[in-house]
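A.B. asks: Below: one structure in structure tokens.
The values are calculated or read from the model by the stated rules, or taken from the named source; none is laboratory data. Please read these numbers as outputs of a predicted model, since none were measured by experiment. Counting neighbours? That spans all protein chains shown, and the Cβs are built from the backbone with ideal geometry, glycine included.
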Amino acid sequence: MEIENNRQKPNILITGTPGVGKSTLGKLLSEHIDGLQYVDVGLLINQKKLYKEWNQEFNVPEFDQDMVCDELENAMQTGGMIIDFHTSSFFPERWFDLVVLLRTNNTVLYDRLKARGYEDKKITENIECEILDVSKDEVESSYKQNIIMELNNEEVPQLEQNILQIIEYLKQWKQMQLQKQQQQQIQ
Ligand SMILES: Nc1ncnc2c1ncn2[C@@H]1O[C@H](COP(=O)(O)OP(=O)(O)O)[C@@H](O)[C@H]1O
């Protein structure tokens, strides 16, 4: 792990196809780890009207990338943010210390999206994205491999395991950041 910023608290991106469990994980992490704040970017876009156009086909806003980034910039510089969004390449790479890519198999994903009340067309589109590794490709072309953590998330025990793995990563991050700051003080 090589840290290129001086943040006191790490920023985490949680991404993946809708239904893989991003908000469940993000909220749990913010509850388990002091000082981390969870942000559902989809919700933020709606609340702060960070869009200029509306997608009639899917009845969702066409979010404006610059407006979203401007809205988050100050908080990201401070650190301690858990960012949850289904797409990730437009965020500045420098923002994140850990990128969590969640994966869920098709059968489970289908059931979750059906339970959410999505139309068949929207379910099929999302499952195709998962099969075709759309989020994975996006993450791998946008962030360094050593900060990407790809985690399966079908069942509750996996979720618990994932949380432990992330907590462990963040412990190491904190230690490295501390060492770096001590070295900077000596120099
Ligand atoms: N590890 C898990 N085991 C069982 N159900 C899960 C798990 N993670 C998430 N879920 C469920 O899957 C559904 C979708 O999760 P959610 O966090 O809303 O996904 P996303 O934010 O990626 O759209 C929710 O009903 C949630 O309770």
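A.B. asks: Kindly check whether there is at least one residue in the stretch 154-170 that is outside any helix (DSSP H, G or I), within 12 Å of the ligand (Cβ to nearest atom) and not aliphatic (A, V, I, L, M). So that I can check it myself, show each step before the final result.
C.D. replies: Looking only at the stretch 154-170, we keep the residues that are outside any helix (DSSP H, G or I), and these are 154-155.
With the extra rule that they be within 12 Å of the ligand (Cβ to nearest atom), the set shrinks to 154-155.
Filter once more, keeping what is not aliphatic (A, V, I, L, M): 154-155.
Yes, some residue in the stretch 154-170 is outside any helix (DSSP H, G or I), within 12 Å of the ligand (Cβ to nearest atom) and not aliphatic (A, V, I, L, M).
A.B. asks: Moving on to the next point. Pull up the stretch 1-18, narrow it to residues that are of a type outside the set (A, V, I, L, M, F, W, C) and within 27 Å of Glu155 (Cα to Cα), then point me to the one that is nearest to the ligand (Cβ to nearest atom).
C.D. replies: Residue satisfying both the conditions and the ranking: Pro18.
A.B. asks: Let me ask another. Residues Leu28, Leu44: which one is out of contact with any Asp or Glu (no Cβ under 8 Å at 6 or more places or on another chain), among the aliphatic types (A, V, I, L, M) and part of a helix (DSSP H, G or I)?
C.D. replies: Details: Leu44 fails: out of contact with any Asp or Glu (no Cβ under 8 Å at 6 or more places or on another chain).
Sole residue among the options that is out of contact with any Asp or Glu (no Cβ under 8 Å at 6 or more places or on another chain), among the aliphatic types (A, V, I, L, M) and part of a helix (DSSP H, G or I): Leu28.
A.B. asks: Given the conditions (1) within 16 Å of the ligand (Cβ to nearest atom); (2) within 29 Å of Gln179 (Cβ to Cβ), report the number of the one that Gly21 does not fulfil.
C.D. replies: The single condition Gly21 does not satisfy is (2).
A.B. asks: Is it the case, given these coordinates, that Ile166 is surrounded by 11 or more Cβ atoms within 10 Å (Cβ to Cβ), touching a strand residue (DSSP E or B) at 6+ places or on another chain (Cβ under 8 Å) and without any contact (Cβ under 8 Å) to a residue 60 or more places away in the chain?
C.D. replies: Numbers: surrounded by 11 or more Cβ atoms within 10 Å (Cβ to Cβ): yes; touching a strand residue (DSSP E or B) at 6+ places or on another chain (Cβ under 8 Å): yes; without any contact (Cβ under 8 Å) to a residue 60 or more places away in the chain: no.
The answer is no for Ile166.
A.B. asks: Right, next: Consider Asp97 carefully, then state whether it is under 29 Å from Met176 (Cα atoms), at pLDDT 95 or above and within 12 Å of the ligand (Cβ to nearest atom). Don't jump to the end; show me each part of the working.
C.D. replies: Details: under 29 Å from Met176 (Cα atoms): yes; at pLDDT 95 or above: yes; within 12 Å of the ligand (Cβ to nearest atom): no.
In short, no.
A.B. asks: How do the pairs read when you match residues in the stretch 121-139 that are assigned to a helix (DSSP H, G or I) with residues anywhere that are exposed (fewer than 13 other Cβ atoms within 10 Å of the Cβ), using Cβ under 6 Å and keeping only pairs 6 or more apart or on different chains?
C.D. replies: Ile127/Asn106
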